[in-house]
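Participant: Would you mind keeping the following structure in view while I ask a few things?
The values are calculated or read from the model by the stated rules, or taken from the named source; none is laboratory data. These figures come from a predicted structure and were not determined experimentally. Here the Cβ positions follow ideal geometry from the backbone for every residue, glycine too, while neighbour counts run over all protein chains shown. With ligands, DNA and RNA removed, areas are computed over all heavy atoms of the protein, side chains included. Shrake-Rupley method; radii C 1.70, N 1.55, O 1.52, S 1.80 Å.
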Amino acid sequence: MQDLGRLGFSEDQGSLLEVATSFCAKRSPIARVRQLIEDETGHDAEVWREIVELGWLGIAIPEAYGGAGLALAEVVPVMEQMGRYLLAGPFYSTTLAAQALVAGGTEDQKRTLLPRLAEGAIATLALCEASGDWDLTNIACTATATAGGNLKLAGTKQLVSDAAVASTIIASVLHAGRPALVMIDRASLAPDALRREVIVDETKRACELCLDGVEIPAANLLDPSRAEAALAHIHLVANLLAAAEMCGGTQSVIDYTLDYLKTRVQFGKLIGSYQALKHPIVDAYVSYEQTRSHVYSAAHCFCEQGIGEIATRMAKAQADTTLSFAADRAIQFHGGFGFTYDCDAQLYRRRAIWHASQYGDAAWHKEKLADLLL
Amino acid sequence: MTDVDPKDLHAFAEAADAWFKENVNRDPGFMLPLTFMEVGTDQQFDFLQTWQNKVYEAGYLGAAWPKEYGGGGLPQAFQTEATKAMRRHGGPIFLNAIGLNWTGPLLLDMGSEAQRAKYLKGILSAEDIWCQGFSEPDNGSDLGNAQTRAVRDGEHYVVTGSKIWTTLGKYARYMILLARTEADTSRKYDGLTFFLAPMKIDGVETRPIRKLTGEHGFTQTFFREARIPADEIVGVEGGGWKVAMRTLEYERGARGGQAGGYVSVGSNAWDVLDLARKMTRGSKPALEDPATRAKMIDFMIDIQSNALCGQRAAFSPLNTDRPTGLALSSKLMHTDFAQRMNAFAIGLTGPGGGYYVGDPNAVDGGWWTRSYLNSFSATIGGGTSQIQRNIIGEHVLGLPKS
Ligand SMILES: Cc1cc2nc3c(=O)[nH]c(=O)nc-3n(C[C@H](O)[C@H](O)[C@H](O)COP(=O)(O)OP(=O)(O)OC[C@H]3O[C@@H](n4cnc5c(N)ncnc54)[C@H](O)[C@@H]3O)c2cc1C
């Protein structure tokens, strides 16, 4: 019988979970979430400042580079509670960008940039392209050396999260025929290089990024020898944190639906007394508990060779399946109101579609697991 | 009692490992039951009774129960090691489940001193087999409506009525019995009383019932003016519902204190994986079929979900919002999953799925079909999956009663 990972929970995770729960509840009530949907940047700069002060951006950055030197396991409770309260902001993007540097940056790049990210400079990754491939090494964008010693970029990136507010964008390109990562200073981009995209999860922001004509110093190329390892690492971190965010969301969409089942009356009875509603919401809840166990197991085992990948893919697959089901039922169980923009069920259903679309859905991760386990 | 010297624990674990390695007989020459609900022949019964007694005498069952009642008086960690060792070596199930897992912890929790002294040792040694008289022909899920009557007559209660689906009814010396001592209470629950009833007395008769597998398993149990001593009540007269509910918590694993070991064994995803490797689809191993691969991964995720949820109980900060949620969901998670997996495995055997236990051509001796059919014991017995969903909905999620 193969080892598929196990559960563990650190003291640091415990205290972060506690703080994150009350912070997100306070700073991201649903009315505020709705307001920020209408906001161009999509997040509250004041809340971002507080998050920076709490040290959450530096959690998984090594101490040598200005971080707390903890692990991604400690980022998971924070991300989970952000997901639970739909707290908007570039935390996910910036954390992923920092991990790209940790795994693939040169010593110089890490020394210059990581401390700034720990202090709240916003960064993001530009990985997706029109091919729609979840394999991050399938890249069409290119970086070619210029006569002047710079790198000239070409191609178009899609779904670049939080690009409009980021100071640094790390993009995947083909360089000398191999996958590579490059850092782009957003301030150096032409105004029309970024186009805000219409995305399904309206609490989030993403841009298309046109790289044609962009030139960057050669020193902005991340360590080419570690590019593929860095992409593999990013892929798993993205899925781990997405699973955590979805898990938190599942808890609230279940709670939200339960409130309705306990107050809405039809045929003279609370609708929650009908088993056609009660049993599916119980199934969603049981599945949520299973998801949470997977998420914290993936967090705990993340650094273990082999097992970390298995546990992470299981967590993402389970989180996708569970949030999709819970939010889908949430819409249905609110009746006509469930069909409205005002009903919060849609926020969670859209969230599920978004995360399934980014870095692989349940079916895709199961295929990968089949290759690993069967 | 909570201090464990790691050296002692380690030595105990090693000794247990060696003992089970030496003493487990994997192939007694006849088919062994997968669960305590499947003991169908005297041969199986004798074998399993002897086995339980032997493990108890060696100190690997009830290791954490108090010494004065026949237990080992050790911290729980010791029993956990013993249980791991027996599992590692494929030891058979313990048949006295209703004693070891439900009645025993119940008596330690709510029984009188005299009751503990009288019953606990016999439960561990398997000398006294226990059965459970809750369900009736007309009252199953609606247990609170039980109608078997118990009427006080001097130092006895006189019991009349019938219980059904009595697991081990044929072999049991004692029954935990829920009977109605008062007929006209305003709440149906208030007329119930919980008895420790002797089975081998006049007026108690069991009649075997054949299971869907064709074997004999449980019985219907008839009471015709059977006389039960009045001091064999747990709790008080009229207080039986509370005791029965507590019993169900032990039965469903929502509460700890069981004697240890296990009372059922089954296949896991890796056994199904072996099957998928050896069966063929389109002249290739079934495991190369994409639909089969996807299903196998679903089962592995499920099996891992269940294992991890078991581990999560130890991390209380992860269980603050709905503290009873995991415990009350556990039965549903495990039993529904096992049923789905066994049904899928039958499909993997292709035309061979047409065979049944007993035919020499049956794949794996017919194990998969037998396991699937028997899996309903767990989705029906101990409260059906539908009732489990009601319980989770109402007691964990706070939904109104159906
Ligand atoms: C193998 C096995 C061993 C058993 N051993 C014992 C034993 O040792 N002692 C003992 O006392 N009992 C035993 N039982 C009995 C078991 O506890 C009952 O069968 C069970 O509680 C269901 O009761 P019932 O059979 O009367 O079914 P019913 O209660 O009549 O149920 C019929 C169907 O209706 C559904 N249903 C009923 N009420 C509701 C509701 N409110 N909401 C939704 N659905 C509902 C049920 O889920 C089921 O699908 C055993 C059963 C099995 C299968």
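Participant: Kindly provide the helix-only [θ] at 222 nm of chain A, computed as the sum of -39,500 (n - 2.57) over DSSP H runs of four or more divided by all residues, to the nearest 500 deg cm²/dmol?
Facilitator: For chain A, the value works out to -17000 deg cm²/dmol.
Participant: Between the range B:104-155 and the range A:176-204, what is the separation of their alpha carbon centroids in Å?
Facilitator: Answer, in whole Å: 70.
Participant: Consider just the alpha-carbon atoms of chain A and return their Rg together with their Dmax, both in angstrom.
Facilitator: Final numbers for Rg and Dmax: 20.8, 79 Å.
Participant: A follow-up question, please. How many percent of DSSP beta bridges within chain B run antiparallel, rounded to 5?
Facilitator: 85 percent
Participant: I would also like to ask the following. Separation of the range A:115-150 and the range B:278-348 by C-alpha centroid, Å?
Facilitator: Answer, in whole Å: 38.
Participant: In addition: Let me know the Rg and Dmax you get for chain B when you use only its Cα atoms, in Å.
Facilitator: When restricted to the Cα atoms of chain B, Rg and Dmax are 22.1, 75 Å.
Participant: Towards the positive end of the charge dipole of the range A:249-312, with charges on Cβ (+1 Lys, Arg; -1 Asp, Glu), say which of A:Ala298, A:Leu261, A:Pro280 has the farthest Cα.
Facilitator: After comparing all options, I get A:Leu261.
Participant: Where in the range A:234-318 are there chymotrypsin sites (Phe, Trp or Tyr not before Pro) that are in a DSSP coil and have at most 12 other Cβ atoms within 10 angstrom of their Cβ?
Facilitator: On the way: sites: A:Tyr256, A:Tyr260, A:Phe267, A:Tyr274, A:Tyr285, A:Tyr288, A:Tyr296, A:Phe302; in loops: A:Phe267, A:Tyr274, A:Phe302.
Passing both the DSSP loop test and the Cβ count: A:Phe267.
Participant: Here's a follow-up. Around B:Asn342, under 15 Å between beta carbons, what's the net of Lys plus Arg minus Asp minus Glu among the other residues?
Facilitator: With Lys, Arg at +1 and Asp, Glu at -1, the net is -4.
Participant: Treating cross-link reach as a plain straight distance, find the aspartates and glutamates whose alpha-carbon is under 20 Å from the alpha-carbon of B:Lys188, omitting any fewer than eight places away in the same chain.
Facilitator: B:Glu136, B:Asp138, B:Asp142, B:Glu237, B:Glu394
Participant: Can you tell me how much longer the chain between B:Met245 and B:Lys54 gets when fully stretched, taken as 0.36 nm per residue apart minus their C-alpha distance, in nm with one decimal?
Facilitator: Result for the pair: 65.6 nm of gain on full extension.
Participant: Still on this structure, I have one more. Within the set of other residues whose C-beta is less than 15 Å from the C-beta of B:Pro400, count the net charge using Lys and Arg as +1 and Asp and Glu as -1. List each step's numbers first, then the result.
Facilitator: Numbers: positive: A:Lys262, A:Arg264, A:Lys269, A:Lys278, B:Arg389, B:Lys401; negative: A:Asp259, B:Glu394.
In short, +4.
Participant: Determine the dipole magnitude for the protein assembly as shown: charges of +1 sit on the beta-carbon of Lys and Arg, -1 on that of Asp and Glu, nothing else is charged, the reference point is the Cα centre, and the result goes in debye to the nearest 20.
Facilitator: With Lys and Arg at +1 and Asp and Glu at -1, about 1420 debye.
Participant: Chains B and A: what accessible area do they bury, summed, in square angstrom to the nearest 100, with a 1.4 Å probe?
Facilitator: Buried area (both sides, nearest 100 Å²): 3800 Å².
Participant: Calculate how steeply helix B:76-88 sits against the longest principal axis of the alpha-carbon atoms of chain B, using the helix alpha-carbon long axis, and give the answer as 0 to 90 degrees to the nearest 10.
Facilitator: With both axes taken from Cα atoms, the answer is about 40 degrees.
Participant: OK, next. Is the range B:347-402 best put as rounded, prolate or oblate by its Cα gyration tensor, with a ≥ b ≥ c the root eigenvalues, rounded for a/c under 1.5, and otherwise prolate when a/b is larger than b/c, oblate when not?
Facilitator: Because a/c hits 1.5 or more and a/b exceeds b/c, the range B:347-402 counts as prolate.
Participant: While we're looking at this one, here's another question. Taking the Cα centroid of the range B:37-68 and of the range B:351-402, what is the distance between the two, rounded to the nearest whole Å?
Facilitator: Going from one Cα centre to the other spans 25 Å.
Participant: Choose one of B:Met175, B:Gly240, B:Gly144: the residue whose Cα lies farthest towards the positive end of the charge dipole of the range B:130-251 (beta-carbon charges +1 Lys, Arg; -1 Asp, Glu; about the Cα centre).
Facilitator: Sorting the options by dipole projection puts first B:Met175.
Participant: May I pose another question? In nm, what is the difference between 0.36 nm times the number of residues separating A:Arg226 and A:Arg195 and their Cα-Cα distance?
Facilitator: 8.1 nm
Participant: For the range B:130-251, what's the relative contact order in percent, using C-alpha pairs closer than 8 Å and at least 6 residues apart? Display every interim value, and only then the final one.
Facilitator: On the way: 290 pairs, mean separation 34.3, N = 122.
Contact order relative to length: 28 percent.
Participant: Let me ask you something else. Going by alpha carbons, how many degrees (0 to 90, nearest 10) lie between the helix axis of A:91-104 and the longest principal axis of chain A?
Facilitator: Approximately 40 degrees, to the nearest 10.
Participant: Could I ask something else about it? Run the simple label-point estimate for B:Ala15 and B:Tyr356 please: 7 Å along Cα→C-beta, distance reported in nm.
Facilitator: With each label point 7 Å from Cα toward Cβ, the separation is 4.8 nm.
Participant: Something else about it: Pull up the cross-link candidates among the lysines for A:Lys269, meaning alpha carbon to alpha carbon under 19 Å and not fewer than 8 places away within one chain.
Facilitator: Hits, sequence-local ones excluded: A:Lys278, B:Lys401.
Participant: Given contacts defined as C-alpha pairs under 8 Å and at least six residues apart, what's the relative contact order of chain A, whole-number percent? Before the final figure, lay out the partial values.
Facilitator: Working: 682 pairs, mean separation 66.0, N = 374.
This gives 18 percent for chain A.
Participant: Something else now. Give the accessible surface of chain A per residue, rounded to a whole number of Å², with probe radius 1.4 Å and ligands, DNA and RNA excluded. Kindly include the intermediate steps, with their values, before the conclusion.
Facilitator: Values: 14150 Å² over 374 residues.
On a per-residue basis, chain A sits at 38 Å².
Participant: Measuring from label point to label point, each 7 Å out along Cα→Cβ, what is the B:His395 to B:Asp8 span in nm?
Facilitator: 3.5 nm
Participant: At R0 = 51 Å, how high is the FRET efficiency between B:Val236 and A:Asp342 if r is their beta carbon distance? Nearest 0.05 is fine.
Facilitator: 0.40
Participant: When a/c reaches 1.5 or more, the comparison of a/b and b/c decides; with that in mind, is the range A:11-122 rounded, prolate or oblate per its Cα gyration tensor?
Facilitator: Working: a/c = 2.44, a/b = 1.51, b/c = 1.62.
Since a/c reaches 1.5 but b/c is at least a/b, the shape of the range A:11-122 is classed as oblate.
Participant: What nm distance separates the two modelled labels at B:Thr324 and A:Glu38, each placed 7 Å from Cα along Cα→Cβ?
Facilitator: Between B:Thr324 and A:Glu38, the label points sit 4.4 nm apart.
Participant: What lysines does A:Lys26 reach when the alpha-carbon gap must be under 24 Å and sequence neighbours fewer than 8 apart in one chain are set aside?
Facilitator: Hits, sequence-local ones excluded: A:Lys204.
Participant: Given the Cα-Cα distance of A:Ala154 and A:Ala363 and 0.36 nm per residue of separation, how much length would full extension add, in nm?
Facilitator: 72.0 nm
Participant: Across 10 Å bins from the origin, how do the percents of Cα pairs in the protein assembly as shown run, short distances first?
Facilitator: The distribution over the protein assembly as shown is 3, 12, 20, 21, 18, 13, 8, 4, 1, 0, 0, given as percents.
Participant: Another question about this same structure. Farthest toward the dipole's positive end in the protein assembly as shown, which of A:Val200, B:Gly381, B:Gly90, given Cβ charges of +1 (Lys, Arg) and -1 (Asp, Glu) about the Cα centre?
Facilitator: B:Gly381
Participant: Net charge within 15 Å of A:Leu270 by Cβ-Cβ distance, Lys/Arg positive one each and Asp/Glu negative one each, not counting A:Leu270 itself?
Facilitator: Residues close to A:Leu270 contribute a combined charge of +3.
Participant: Could you estimate the translational diffusion coefficient of the range B:6-125 from the Stokes-Einstein equation, with Rh from the Kirkwood formula over C-alpha pairs, at 25 °C and 0.890 mPa s, in whole µm²/s?
Facilitator: Reported coefficient: 164 µm²/s.
Participant: Now for a different question. Treat every Asp and Glu Cβ in the range B:130-251 as -1 and every Lys and Arg Cβ as +1, leave all other atoms uncharged, and give the resulting dipole magnitude about the Cα centre to the nearest 20 debye. Walk me through the numbers before you get to the answer.
Facilitator: Details: 16 positive and 17 negative charges, 79 e Å.
Charge dipole of the range B:130-251: 380 debye, to the nearest 20.
Participant: Expressed as an acute angle from 0 to 90° and rounded to the nearest 10, what is the orientation of the C-alpha long axis of helix A:227-261 relative to the principal long axis of chain A?
Facilitator: 20 degrees
Participant: Further, regarding this structure: When the dipole is taken about the Cα centre of chain B, and only Lys, Arg (+1) and Asp, Glu (-1) are charged at their Cβ, what size is it in debye, to the nearest 20? The partial results should precede the final answer.
Facilitator: Values: 42 positive and 45 negative charges, 168 e Å.
It comes to approximately 800 debye.
Participant: Could you tell me what percent of the DSSP beta bridges with both partners in the protein assembly as shown are antiparallel, to the nearest 5?
Facilitator: 85 percent
Participant: Shifting gears a bit: Ignoring ligands, DNA and RNA, what percent of the accessible area of the protein assembly as shown is carbon or sulfur (1.4 Å)?
Facilitator: Carbon and sulfur together cover 52 percent of it.
Participant: Moving on. Do you know the relative contact order of the range B:269-396, to the nearest whole percent, from alpha carbon pairs under 8 angstrom that are 6+ apart?
Facilitator: About 23 percent, as a whole number.
Participant: What GluC sites (Glu not before Pro) does the range A:161-211 have in DSSP loop regions with at most 11 other beta carbons within 10 Å?
Facilitator: none
Participant: Which value at 222 nm does chain B reach when only helices count, each DSSP H run of 4 or more adding -39,500 (n - 2.57), with the total divided by all residues and rounded to the nearest 500 deg cm²/dmol?
Facilitator: -12500 deg cm²/dmol
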